[in-house]
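Q: What follows is a structure written as structure tokens; I'll ask about it next.
The values are calculated or read from the model by the stated rules, or taken from the named source; none is laboratory data. These numbers come from a predicted model, not from an experiment. When we count neighbours, we look across all protein chains shown, and the Cβ atoms used for this are built from the backbone with ideal geometry, even at glycine. Just the protein is used for accessible areas: all its heavy atoms, side chains included, with ligands, DNA and RNA removed. Shrake-Rupley method; radii C 1.70, N 1.55, O 1.52, S 1.80 Å.
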Amino acid sequence: MARMRNDPNFNVCPDYASDIFENTRAQLINENTNEEQAVQLLTNIWEANNNADKIAWQRQVAADREERLHREQLEEEEQDRLEQVRAQEEETTRKEDRKKNKHKYIPILATGIPDDAATSIAPCAYAIKKLDKGEYVELWYFTNNGLDEVNCKETVDDDAMIM
């Protein structure tokens with residue numbers, strides 16, 4: 001059946017007693033049927049067709065509603081599926097990243113900051129002074145060899161006088 005575009009509940013029965021329908025009434029009039037009965041017959045036929053159209057309209061509206069609900073359900077399922085796929089891809093990417101960068105994801109132990117002066121290593125006083133003045137300091141002073149040199153040698157004797 002063709003799709004109905006207008007709601008038949010809003011249709012109004014035409015006036016079959018008007019001059020426009022005179023030819024239609026004339027075809028129904030005979031010795032058993034007068035003009036009033038012809039008008040009533042045409043009105044009854046129109047109402048029967050309109051009632052059938054109303055039922056077809058209700059079925060069409062119900063079918064449209066079911067189709068819309070089904071389409072919404074399919075879209076919702078598709079969205080859920082896409083979210084699951086995206087979550088799986090993110091999980092896979094995260095696992096691959098953890099494999100590639102193991103050291104990046106090692107938990108940091110909550111040991112605190114060492115406050116023992118004996119364990120702290122600082123470059124020599126000469127390098128620190130140059131840094132304070134904003135002058136160029138060779139990188140060697142901050143390497144393991146340069147820091148070991150500070151621990152091994154004392155540049156000034158304890159008995160020496162510094163000005």
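Q: On a C-alpha basis, how far is the centre of region 2-21 from the centre of region 26-87 in Å? Whole number, if you could?
A: So the separation of the two Cα centres works out to 15 Å.
Q: While we're looking at this one, here's another question. Taking a probe of 1.4 Å, how large is the accessible area per residue of the chain, in Å²? Before the final figure, lay out the partial values.
A: Details: 14660 Å² over 163 residues.
Value returned for the chain: 90 Å² of accessible area per residue.
Q: Same structure again: Give the label of the value calculated from the structure for percent of Cα pairs over 18 Å apart, choosing from [x] 82; [y] 78; [z] 60.
A: [x]
Q: With +1 assigned to the C-beta of every Lys and Arg and -1 to the C-beta of every Asp and Glu, and no other charges, what is the dipole magnitude of the chain about the Cα centre in debye, to the nearest 20?
A: Numbers: 21 positive and 35 negative charges, 98 e Å.
That gives the chain a dipole magnitude of about 460 debye.
Q: Run the accessible area of the chain with a 1.4 Å probe and give the carbon-and-sulfur part as a rounded percent.
A: The nonpolar share, carbon plus sulfur, comes to 51 percent.
Q: Could you give the length gained on full extension between residue 70 and residue 13, defined as 0.36 nm per residue of separation minus the Cα-Cα distance, in nm?
A: Stretched fully, the residue 70-residue 13 segment lengthens by 16.9 nm.
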